[in-house]
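The values are calculated or read from the model by the stated rules, or taken from the named source; none is laboratory data. Fair warning: this is a prediction, and the values are worked out from it, not measured in the lab. Here the Cβ is made from the backbone with ideal geometry for all residues, glycine too, and neighbour counts use every protein chain on show. For accessibility, only protein heavy atoms count, side chains too; no ligands or nucleic acids. Shrake-Rupley method; radii C 1.70, N 1.55, O 1.52, S 1.80 Å.
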Amino acid sequence: MRYSAYQLLKQAFSGNRNWQPVWRTPEPKSHYDVIIVGAGGHGLATAYYLAKEFGITNVAVLEKNYIGSGNVGRNTTIIRSNYLLPGNEPFYEFSMKLWEGLEQDFNYNAMVSQRGIVNLFHSDGQRDAYARRGNAMRMHGVDAELLNREQVRRMMPYLNFDHARFPILGGLLQRRGGTARHDAVAWGYARGADSRGVDLIQQCEVIGIRRENGVVTGVETNRGFIGCNKLALAAAGHTSILGNMADLELPIETHVLQAFVSEGLKPIIDNVITYGAGHFYISQSDKGGLVFGADIDYYSSYAQRGNLATVEHTMEEGVSLIPGLSRTRVLRTWGGVMDMSMDGSPIIDRTPIDNLYLNCGWNYGGFKATPASGFCFAHLIAKDESHDVSRLLRLDRFERGFAIDESGKGPQPNLH
């Protein structure tokens, strides 16, 4: 069923009793051409593009819980392409272009809102760094504007300009950045993949990877063995666990990233804002809640919740940036389980096992990368070669000495 104004009117006259389920609930088949482990944004997008762009429809996406229960439903919804390095900037700009046509492409309202993102700076050194980043963006054809203090003040007068330990001196603006509704993105990709014949198997946990003569033949699950020609891992923070099942030691660690939502407020924040004197970012949802987050919990964990020290640190940074937040009630918090790579950049590549493919290491950039990640991973699976914009995101870059260290913090995952 294609959604449209006509369909809305037609269903209204029937009392909304004839809507079809958004996706099927199939039983797993004994064998698939491709199995994708993980029905988050990246896994669902991969299945969608495999079917739509490459005609591969004998595909199963296995999810141990329900669709959208992982990181795709546990993030701060930001989309942007304001990166610096060659390995990242073309990739995230490709993703941004896919975001801009996504709702028309998969016929679902993902609430994409290009409200603009501003990265604030607080020193001359930060200004120079953002000027360099903005120039790098423009060299790749990406929009970027360097704002001075008064330009930022006119846009966001509620910020703490004059009484802060780190006064705001300006910011780097990408007007095409913004937000999207995270769970709607998952539902849209799931619906699009299902309508093209992909099987979405929920409550199906992978507990083992079966190999014969060095080649993957399928996966052991809590619903029995399922065979495949190709196996693709897109399980975010649990990638290390799956890798161990195939005797792969991967250059990633798992950490928790907390996010927060306040009570509903009247429109205050028009843009997405990031705090340059710390690591804090905030926007306002369509329902009025302020959505914000800060640093990861620096110890490894698989728990989808965080510690109180990080909560306190996040609130301190938020109030330092926007003093009015001190009078706002926080309604809820949650944690996403992220795989942090050694250089802070993602991995999309084949593994040393011929028919095993890897999509991991997304750090803070997983949600915004969803469309490009799915497209490039599908390209890799279908053609056994990297897409042009993901060719530098190979697994062997750590061995070859070609790390993509966007933030310049060295080979320590919890610092990225």
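Filter the range 389-407 for residues that are small (Gly, Ala, Ser) and more than 21 Å from the chain's Cα centre (by Cα) and give the result. If you could, list the steps in order and put the result at the bottom.
Narrowing the range 389-407 to residues small (Gly, Ala, Ser): 390, 401, 403, 407.
Matches in the range 389-407: Gly401 only.
Evaluate the following for Gln104: is it in contact with a Lys or Arg (Cβ under 8 Å, 6 or more places away or on another chain) and more than 22 Å from Ala236 (Cβ to Cβ)? Explain how you work it out, then say what you get.
Details: in contact with a Lys or Arg (Cβ under 8 Å, 6 or more places away or on another chain): no; more than 22 Å from Ala236 (Cβ to Cβ): yes.
Considered against the rule, which asks whether it is in contact with a Lys or Arg (Cβ under 8 Å, 6 or more places away or on another chain) and more than 22 Å from Ala236 (Cβ to Cβ), Gln104 comes out as no.
Name the residues in the range 199-237 that are under 26 Å from the mean Cα position of the chain (by Cα), hydrophobic (A, V, I, L, M, F, W, C) and in a strand (DSSP E or B), would you?
Selection gives Leu200, Ile201, Val206, Ile207, Ile209, Val219, Leu231, Ala232, Leu233.
For the range 199-240: of the residues being of a type in the set (S, T, N, Q) and open to solvent by 60 Å² or more (accessible area, probe 1.4 Å), which is modelled with the lowest pLDDT?
Checking each candidate, the answer is Asn213.
Which residues, counting only those in the range 243-252, are of a type outside the set (Val, Ile, Thr), surrounded by 16 or more Cβ atoms within 10 Å (Cβ to Cβ) and closer than 19 Å to Asp396 by Cβ?
Passing the criteria: Gly243, Ala246, Leu248, Leu250, Pro251.
Give the range 57-72 a look and list any residue that's within 28 Å of Ser285 (Cβ to Cβ), open to solvent by less than 30 Å² (accessible area, probe 1.4 Å), touching a residue at least 12 places away in the same chain (Cβ under 8 Å) and out of contact with any Cys (no Cβ under 7 Å at 6 or more places or on another chain), or say none.
Of everything in the range 57-72, those that are within 28 Å of Ser285 (Cβ to Cβ), open to solvent by less than 30 Å² (accessible area, probe 1.4 Å), touching a residue at least 12 places away in the same chain (Cβ under 8 Å) and out of contact with any Cys (no Cβ under 7 Å at 6 or more places or on another chain) turn out to be Val61, Ile67, Gly68, Gly70, Val72.
(1) on the phi > 0 side of the Ramachandran plot; (2) open to solvent by 10 Å² or more (accessible area, probe 1.4 Å); (3) touching a residue at least 40 places away in the same chain (Cβ under 8 Å): which one isn't true of Gly410, the others all being true?
It fails just one condition, (3).
Residues Tyr108, Tyr158, Tyr130: which one is outside any loop (DSSP other than H, G, I, E, B) and among the hydroxyl-bearing types (Ser, Thr, Tyr)?
Details: Tyr108 fails: outside any loop (DSSP other than H, G, I, E, B); Tyr158 fails: outside any loop (DSSP other than H, G, I, E, B).
Exactly one of Tyr108, Tyr158, Tyr130 is outside any loop (DSSP other than H, G, I, E, B) and among the hydroxyl-bearing types (Ser, Thr, Tyr), namely Tyr130.
From the list Arg196, Arg175, exactly one residue is surrounded by fewer than 20 Cβ atoms within 10 Å (Cβ to Cβ) and under 22 Å from the mean Cα position of the chain (by Cα). Which is it?
Answer to the check: Arg175.
Assess whether Ala184 counts as being outside any strand (DSSP E or B), closer than 24 Å to Ile35 by Cβ and touching a residue at least 60 places away in the same chain (Cβ under 8 Å). Reasoning before the result, please.
Numbers: outside any strand (DSSP E or B): yes; closer than 24 Å to Ile35 by Cβ: no; touching a residue at least 60 places away in the same chain (Cβ under 8 Å): yes.
It is false that Ala184 is outside any strand (DSSP E or B), closer than 24 Å to Ile35 by Cβ and touching a residue at least 60 places away in the same chain (Cβ under 8 Å).
When the range 1-56 is examined, which residues are found to be in a helix (DSSP H, G or I) and free of Cβ contacts under 8 Å to residues at least 12 places away in the same chain?
Hits for the range 1-56 are Ala5, Tyr6, Gln7, Leu8, Leu9, Lys10, Gln11, Ala12, Phe13.
Please pick out the residue among Phe121, Phe94 that is open to solvent by 20 Å² or more (accessible area, probe 1.4 Å) and at pLDDT 95 or above. Quick ask: steps written out before the conclusion?
Numbers: Phe121 fails: open to solvent by 20 Å² or more (accessible area, probe 1.4 Å).
On inspection, the qualifying residue turns out to be Phe94.
What residue, among those in the range 327-352 that are more than 25 Å from Lys97 (Cα to Cα) and out of contact with any Asp or Glu (no Cβ under 9 Å at 6 or more places or on another chain), is most open to solvent (accessible area, probe 1.4 Å)?
Checked the range 327-352; the qualifying residue most open to solvent (accessible area, probe 1.4 Å) is Arg327.
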